[in-house]
Amino acid sequence: MSFFSRILGNVQRLKDLGLHEEKGPSDRGLLIFEHTSEVIRAESLLKASGLDIKVKGPPPEVRTGCDLAIEFPLVSSLKVFQILSEASIEPSQVLAVQDLLLEPVSIYQVKDFGDYLMVRAANMKITVSKNDRTIVNISGGGCPDVPYLAERLVGRTLNEAPQPRSLGQTLCGYALQLAYEELKRRCPG
């Protein structure tokens, strides 16, 4: 089935469920996957090709086994599917984001503690001192590499610390990488 057929089929399915209202065309699409490992691989490939994508939480109406989805510009759909096809990655659903009912949710939660800023991405949290950008805490997850990640990162500044993705290959390492990138964006320096 072609990309556009899949989008139209999913929009029709949402209309049938009463979850879609016509509100005009959208310029964004959403790739839904069964497994987190597929999202991680797809994100790496799509970003490496220069595409403007974002990892988001899928809307509850379309959530499957994976709590992550990739938002992408629909105008780039042919390039997206060529890249994914060459890597043998196939999303379980492809949706056009056309109304607020299908708005993907941010996977980030940010908490400002005055002198400290904490970012949570999925199940991992990283906290830094806003004064000098030193990582003061890593928590969450439940993966076996979390203590190792904490040992390697806590006490270092965001500029000195290695990227969490380079240290761990679990979902926790991936989520920590997302939180780390968001902290670097919010605390430039």
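Remarks
- Inside the stretch 162-189, residues that are among the hydroxyl-bearing types (Ser, Thr, Tyr), free of Cβ contacts under 8 Å to residues at least 24 places away in the same chain and either closer than 17 Å to residue 123 by Cβ or touching a Pro at 6+ places or on another chain (Cβ under 6 Å) (or both) make up a count of 0.
- Taken residue by residue, the stretch 140-161 has no member that is part of a loop (DSSP other than H, G, I, E, B), under 30 Å from residue 73 (Cβ atoms) and of a type in the set (S, T, N, Q).
- Filter pass, residue 77 being in contact (Cβ under 8 Å) with a residue 40 or more places away in the chain and among the polar types (S, T, N, Q): yes
- Picking from residues in the stretch 35-93 that are charged (D, E, K, R) and farther than 24 Å from residue 108 by Cβ, the one that is surrounded by the fewest Cβ atoms within 10 Å (Cβ to Cβ) is 86.
- Residue match in the stretch 76-91 (condition: closer than 18 Å to residue 43 by Cβ and touching a Lys or Arg at 6+ places or on another chain (Cβ under 8 Å)): yes
- Filtered residues of the stretch 169-189 (kept if part of a helix (DSSP H, G or I) and in contact with a Cys (Cβ under 8 Å, 6 or more places away or on another chain)): 171, 172, 173
- Taking first residues from the stretch 44-59 that are in the same structural domain as residue 88 (by TED's automatic domain parsing) and partners that are of a type in the set (Asp, Glu), the Cβ contacts under 7 Å between residues at least 6 apart in sequence or on separate chains come to 53/43; 53/71; 54/71; 55/43; 56/71; 57/67; 59/103.
- Matching entry among 46, 68, 31 (being at pLDDT below 85 and closer than 15 Å to residue 90 by Cα): 68
- In the stretch 138-161, the residues that are among the charged types (D, E, K, R) reach residues that are surrounded by 14 or more Cβ atoms within 10 Å (Cβ to Cβ) and assigned to a helix (DSSP H, G or I) with C-beta atoms within less than 7 angstrom, at least six apart or across chains, in these pairs: 145/172; 145/173; 152/167.
- Condition check for residue 166: of a type in the set (Ser, Thr, Tyr), in a helix (DSSP H, G or I) and either at pLDDT 85 or above or assigned by TED's automatic domain parsing to the domain that holds residue 93 (or both): yes
The values are calculated or read from the model by the stated rules, or taken from the named source; none is laboratory data. Not measured: the values here are computed from a predicted model. Ideal geometry is used to build each Cβ from the backbone, glycine not excepted, and the neighbour counts take in all protein chains shown.
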